[in-house]
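In what follows, a structure is listed as structure tokens, so that the remarks can point back to it.
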Amino acid sequence: MFRLPPPSRCRLAIQAGFALFLVWVAVRFHEHVSWAMGQMSAYTPKPGAVEGFLPIAAFMSFKRLLVTGEYDPVHPAGLTIFIAIMLMAWLLRKGFCGHLCPVGLASSLLEKAGRRLGIRRQPGPRLARVLTLPKYIVLGGFVWFIGVRMGAGEIEAFMFAPYNFVADTKMLHFFMSPSTTTLAVVAGLMVGSLVMPFLWCRVLCPYGALLGLLAKVGPTAITRDATSCVGCGRCARACPAGVPVDTSTRVNAAECMGCTECVGACPVTGCLSVRTLRWRLPHWAIGVGCLALLVVLRLAAGHYGLWDATTPPEMLRRFHMMVFGMGG
Ligand code: SF4
Ligand code: SF4
Ligand code: SF4
């Protein structure tokens, strides 16, 4: 009889599959940028998924959508992905972080390496709370400046500036030609993540902070049946986010990314489970649900013309020449 792999394998399969998809996106985007910079004559359309890496622009577009009712014509796919990720967080905890985000995958691998090396440590509860503060401060800054202070006119001034049209190309350059400082910071975070799992995500990522707050008011959580629990503590030790699963009956921490590692670590069948309202879900429901939500919104956006930008290719090329000084 077919036996479902444990949560960690199911999760790794989804993470690896999604990472491969992102590699394909990166290759296509590189071809697109080569055309836009005049280095290739064959035109490759920009893969919309790349706009998912522009969360600040998407946050502005989201505010504009709420204020004016108009969808972002410059990076529509970015706005669709932003909405999909927020919906995922509300419905399925931070399933995006636990299953789809490439930084989440890198953090998982580093956490496993840290375990093998015997240097993985979780901060105590009080220190862990203090360490999560920076990301909420950064998120608060974005909410204040974009959500409160910026009006639709200012957002549109940013949105229709040449820089915004090529923001994804800027980001590609940032990743492909990192400065020494960037490399040093990334190296520091990687080494730090061997010791404290998910260092960047838990301490600094404002996107993760926003998703955690949405998850807290959502219907899905890991629940523990206190009557069958034997108090072994394996669930808490397995949790990469340092959540005290063994002392909660309903795990609703903002840090919980729905990875279900705790469920896989529990020796008592059925003691820990994923629940949405009254319903018990299989452990894979969070990862598969996040993927399904993303695919459904992608298809709906494509159907309603909310995925591909309306910018004519030649205009996009002119903006590249203008911003990157290619003499156009
Ligand atoms: S916290 Fe941020 S970087 Fe980490 S997995 Fe979530 S979205 Fe990605
Ligand atoms: S509580 Fe469970 S599902 Fe949530 S982050 Fe920890 S191990 Fe993953
Ligand atoms: S791993 Fe299972 S049995 Fe052990 S403390 Fe956690 S919930 Fe209880």
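So the values come out like this:
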{"read-out": "Filter result (of a type outside the set (Lys, Arg) and over 25 Å from ASN252 (Cβ atoms)) within the stretch 94-127", "value": "PRO102, ALA106, LEU109, LEU110, ALA113, GLY114, LEU117, GLY118, ILE119"}
{"read-out": "Residue count for the stretch 214-247, restricted to those that are of a type in the set (Ser, Thr, Tyr) and either assigned to a loop (DSSP other than H, G, I, E, B) or within 8 Å of ligand 3 (Cβ to nearest atom) (or both)", "value": "2"}
{"read-out": "Criterion violated by CYS266 - all others in (1) in contact with a helix residue (DSSP H, G or I) (Cβ under 7 Å, 6 or more places away or on another chain); (2) within 16 Å of ligand 1 (Cβ to nearest atom) satisfied", "value": "(2)"}
{"read-out": "All positions within the stretch 250-268 that are within 10 Å of ligand 3 (Cβ to nearest atom) and part of a loop (DSSP other than H, G, I, E, B)", "value": "CYS266, PRO267, VAL268"}
{"read-out": "Those residues of the stretch 191-243 which are hydroxyl-bearing (Ser, Thr, Tyr), in contact with a helix residue (DSSP H, G or I) (Cβ under 6 Å, 6 or more places away or on another chain) and closer than 20 Å to LEU92 by Cβ, in sequence order", "value": "TYR207, THR220"}
{"read-out": "So CYS201, is it crowded, with 18+ Cβ neighbours inside 10 Å, among the hydrophobic types (A, V, I, L, M, F, W, C), in a loop (DSSP other than H, G, I, E, B) and within 17 Å of the chain's Cα centre (by Cα)", "value": "no"}
{"read-out": "Single residue of the stretch 204-246 satisfying the filter (on the phi > 0 side of the Ramachandran plot and free of Cβ contacts under 8 Å to residues at least 24 places away in the same chain) that is farthest from ligand 2 (Cβ to nearest atom)", "value": "GLY231"}
{"read-out": "Matching residues in the stretch 87-113 - criterion: being more than 13 Å from ligand 2 (Cβ to nearest atom) and either touching a His at 6+ places or on another chain (Cβ under 7 Å) or not in a helix (DSSP H, G or I) (or both)", "value": "CYS101"}
{"read-out": "ARG250 free of Cβ contacts under 8 Å to residues at least 40 places away in the same chain, surrounded by fewer than 14 Cβ atoms within 10 Å (Cβ to Cβ) and closer than 23 Å to ARG202 by Cβ", "value": "yes"}
{"read-out": "ARG250 being in contact with a Lys or Arg (Cβ under 9 Å, 6 or more places away or on another chain) and of a type in the set (Lys, Arg)", "value": "yes"}
{"read-out": "Residue that is nearest to SER108 (Cα to Cα) [pool: residues in the stretch 255-284 that are among the hydrophobic types (A, V, I, L, M, F, W, C) and touching a residue at least 60 places away in the same chain (Cβ under 8 Å)]", "value": "CYS259"}
{"read-out": "Residues within the stretch 45-58 that are assigned to a loop (DSSP other than H, G, I, E, B) and surrounded by fewer than 17 Cβ atoms within 10 Å (Cβ to Cβ), tallied", "value": "1"}
{"read-out": "Flag for VAL67 being touching a residue at least 60 places away in the same chain (Cβ under 8 Å), of a type in the set (Val, Ile, Thr) and within 30 Å of ARG318 (Cα to Cα)", "value": "no"}
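Every residue, every condition in (1) within 24 Å of CYS259 (Cα to Cα); (2) part of a helix (DSSP H, G or I), yes or no:
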| site | (1), (2) |
| --- | --- |
| PRO123 | yes, no |
| ARG129 | yes, yes |
| LYS135 | yes, yes |
| VAL138 | no, yes |
| ILE146 | no, yes |
| GLU156 | no, yes |
| LYS170 | no, yes |
| ALA184 | no, yes |
| PRO197 | yes, no |
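Quick note: the coordinates plus some simple rules give every number you see, no bench work behind them. Because the structure is a prediction, the values reported are computed rather than measured. Don't worry about glycine lacking a Cβ; one is built from the backbone with ideal geometry, like all the others, and counts go over all protein chains shown.
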